[in-house]
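First the structure, in the form of structure tokens, and then the observations on it.
The values are calculated or read from the model by the stated rules, or taken from the named source; none is laboratory data. The model shown is predicted, which means the values in this text are computed figures rather than measured ones. Methodologically, a virtual Cβ is constructed for each residue, glycine included, from the backbone with ideal geometry; neighbour enumeration extends over all protein chains shown. Calculation scope for accessible area: heavy atoms of the full protein, side chains included, ligands and nucleic acids excluded. Shrake-Rupley method; radii C 1.70, N 1.55, O 1.52, S 1.80 Å.
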Amino acid sequence: MLAKVFSAAVQGVDGLEVEIEVNSSGGTTGIVIVGLPDTAVRESRDRVTTAVSNSAFQWPRGRTTINLAPADLRKEGPSFDLPIALGLIGACEETPLPQLADFCVVGELALDGAVRPIRGALPIALAAKKSGRTALLLPAANAEEAALVEGLQVFGVRSLGETVSFLQGELVLTSTRCDCNRLLQGTSTIGADDFSEVRGQHLAKRAIEVAVSGGHNLLMLGSPGSGKSMLAKRIPSLMPPMSMEEAIETSKIHSTCGLLAGKTPPIVSQRPFRSPHHTISDAGLLGGSSTPTPGEVSLAHNGVLFLDELPEFRRSTLETLRQPLEDRSITIARASGSLTFPADFMLVAALNPCPCGFLGDRKKTCRCSPAQIQRYRQRISGPLLDRIDLQLDVPSVTYSELSGGAQGEASSHIRDRVLRAREIQQQRFDGRPRSNARMAPRQIRAHCALDTESAHLLQNAVQSFHLSARAYDRILKVARTIADLEEAENIAPNHLQEAIGYRSLDREIWK
């Protein structure tokens, strides 16, 4: 007897429908799984048969062939346990499952028949809806996550026995529902970390405001204890709220990595802030390994990627950031094919001016030799530095600034100006791109026109500081953002002067 069950697999961060065919025939008892299964799928044969037996169900005792179609797609992970088990039970005439064709089914089975959570429930739910399925059966722990997809009935199950009873109509289950708009409206990007807690550093705060307003990459250089990490951790409090499209995009990535299962709410409602350690590998930062999965650059999608102690990262690892910084995505190629992961993030980096950290410090003397300083700086290449829009010096804070003075401006006040600048950009670009930092060359020419005085100023800066064509474009983008903060229609010389000032590290520190 032949039974069919619809399931889904995750490839990259997208789900693809998989049709599971179970055919039983006479002959020696045995189960064969075909259709490019990996080790975890092949091992499901023993897990499934044990779970079926322990749940008091019959399964075909003759030769059974299980085909996972399409046959040219590699099937990975234990999420096919539950649909294979239902196919085996359905192929046995003693336990018919007439409603099985209406559902997409995923889930891992324990030996006692319990259904365990899986990764990628959200992309699987999106794939089920795209394929025309009306309902999804999956582990109860993943039900709220999958319910983010509108127009799809989601039923969470806890055991194989409960699943069979539901499909036979003996048990009534309530579909899980989730109000995405309420989840997004009920969260705030203003967290416990607030800029009012930062003493001094007025120039750095201004640069951060400009960077967040336009989505620009930012580099902070300063001695240890000057507040670079403290400033970086407060950047999310200035960022605009997530739109529904952005929240679903980001949640798909986190779901693929298994970061949403059991989470409340089951959606990434605040912009991510990822801060990997400098010992991270290339695969950990970009994604990869034998089975490509998203890395930190993708987990930071629509948020912030903070790289502290930038020169301590391996140079080869830093150089791999060039593609995502330019393309806003990362492509990982393997012998079996290539996968592209989204990686549209704001890069924030911090570093010391030398190995000991006190070169140019007002309080302590640097102990590094010129050769040590040169080797330290050479860990960051010019092309990578060229892709960072704002580069600023963060000096150490004086005692008078720490002990007294007025409290700094609150994040909520700065954020109001950021949101107004973002609104201007949304109206200008009609939502594509989302910020000035994403402008294409054609848009730069259209929206960053300069008058005679500004053009002469920029020409002198490019010639005097030997700036590249990429730095030229980025100066114009930053100047456009500064003008937006002042709600100015055109870029004025003072806007351009401030933008040029944010490239000071190109000429003063690194050259």
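Looking at 255, 251, 243, can you tell me which residue is free of Cβ contacts under 8 Å to residues at least 60 places away in the same chain and within 20 Å of the chain's Cα centre (by Cα)?
None of the other options fit; the residue is 243.
Mind listing just one residue for me: the one in region 303-324 that is among the polar types (S, T, N, Q) and open to solvent by 10 Å² or more (accessible area, probe 1.4 Å) and, of those, farthest from residue 238 (Cα to Cα)?
If we take residues in region 303-324 being among the polar types (S, T, N, Q) and open to solvent by 10 Å² or more (accessible area, probe 1.4 Å), then 316 is farthest from residue 238 (Cα to Cα).
Kindly evaluate residue 108 against the criterion of being in contact with a Ser or Thr (Cβ under 8 Å, 6 or more places away or on another chain), charged (D, E, K, R) and surrounded by fewer than 24 Cβ atoms within 10 Å (Cβ to Cβ).
Judged against the criteria, residue 108 is a match.
Here are some conditions: (1) touching a Gly at 6+ places or on another chain (Cβ under 9 Å); (2) without any contact (Cβ under 8 Å) to a residue 12 or more places away in the chain. Residue 79 meets all but one. Which one does it not meet?
(2)
For region 433-464, name all the residues that are closer than 22 Å to residue 421 by Cα, open to solvent by 40 Å² or more (accessible area, probe 1.4 Å) and part of a helix (DSSP H, G or I).
Once the filter is applied, which keeps residues that are closer than 22 Å to residue 421 by Cα, open to solvent by 40 Å² or more (accessible area, probe 1.4 Å) and part of a helix (DSSP H, G or I), region 433-464 yields 438, 441, 442, 445, 446, 447.
Those residues that are within 21 Å of residue 341 (Cα to Cα), open to solvent by less than 10 Å² (accessible area, probe 1.4 Å) and β-branched (Val, Ile, Thr), I need them from region 208-261; list them, please.
If the condition is that a residue be within 21 Å of residue 341 (Cα to Cα), open to solvent by less than 10 Å² (accessible area, probe 1.4 Å) and β-branched (Val, Ile, Thr), then 250, 253 are the ones that fit.
Give the residue that is nearest to the chain's Cα centre (by Cα), with candidates limited to residues of region 379-404 that are touching a residue at least 40 places away in the same chain (Cβ under 8 Å) and open to solvent by 70 Å² or more (accessible area, probe 1.4 Å).
Checking each candidate, the answer is 379.
Testing residue 67 on (1) on the phi > 0 side of the Ramachandran plot; (2) in contact (Cβ under 8 Å) with a residue 24 or more places away in the chain, one condition comes back false. Which one is that?
Unmet condition: (1).
Please work out which residue is nearest to residue 203 (Cα to Cα), limiting yourself to region 421-432 and to residues that are open to solvent by 30 Å² or more (accessible area, probe 1.4 Å) and under 25 Å from the mean Cα position of the chain (by Cα).
Ranking the candidates gives 422 first.
From the list 488, 479, 483, 469, which one is more than 22 Å from residue 420 (Cα to Cα) and open to solvent by less than 80 Å² (accessible area, probe 1.4 Å)? Before the answer, list the steps.
Numbers: 488 fails: more than 22 Å from residue 420 (Cα to Cα); 479 fails: more than 22 Å from residue 420 (Cα to Cα); 483 fails: more than 22 Å from residue 420 (Cα to Cα).
Testing whether each residue is more than 22 Å from residue 420 (Cα to Cα) and open to solvent by less than 80 Å² (accessible area, probe 1.4 Å) leaves just 469.
Taking the conditions exactly as written (surrounded by fewer than 22 Cβ atoms within 10 Å (Cβ to Cβ), within 22 Å of residue 114 (Cβ to Cβ) and among the charged types (D, E, K, R)), does residue 61 satisfy them or not?
no
How many of the residues in region 107-133 are over 15 Å from residue 166 (Cβ atoms) and either β-branched (Val, Ile, Thr) or in contact with a His (Cβ under 9 Å, 6 or more places away or on another chain) (or both)? Break it down stepwise before answering.
First, pick out the residues of region 107-133 that are over 15 Å from residue 166 (Cβ atoms): 108-112, 114, 116-133.
Keeping just the survivors that are either β-branched (Val, Ile, Thr) or in contact with a His (Cβ under 9 Å, 6 or more places away or on another chain) (or both) gives 118, 122, 124.
Total satisfying the criteria: 3.
Can you give me the number of residues within region 144-183 that are within 15 Å of residue 100 (Cα to Cα), aliphatic (A, V, I, L, M) and in contact (Cβ under 8 Å) with a residue 40 or more places away in the chain?
Result for region 144-183: 4.
Just for region 385-426: of the residues that are aliphatic (A, V, I, L, M) and assigned to a loop (DSSP other than H, G, I, E, B), which one is farthest from residue 199 (Cα to Cα)? Working first, answer last.
Applying the first criterion (aliphatic (A, V, I, L, M)) to region 385-426 yields 385, 388, 390, 392, 394, 397, 402, 406, 410, 414, 418-419, 421, 424.
Add one more test, that the residue is assigned to a loop (DSSP other than H, G, I, E, B), and what stays is 388, 394, 397, 406, 410.
Details: 388: 26, 394: 12, 397: 8, 406: 9, 410: 12 Å.
Result: 388.
Residue by residue through region 40-58, note down the ones that are within 38 Å of the chain's Cα centre (by Cα) and either among the small types (Gly, Ala, Ser) or open to solvent by 90 Å² or more (accessible area, probe 1.4 Å) (or both).
40, 42, 43, 44, 45, 46, 51
Could you grab me the full set of residues in region 15-57 that are touching a residue at least 60 places away in the same chain (Cβ under 8 Å) and basic (Lys, Arg)?
47
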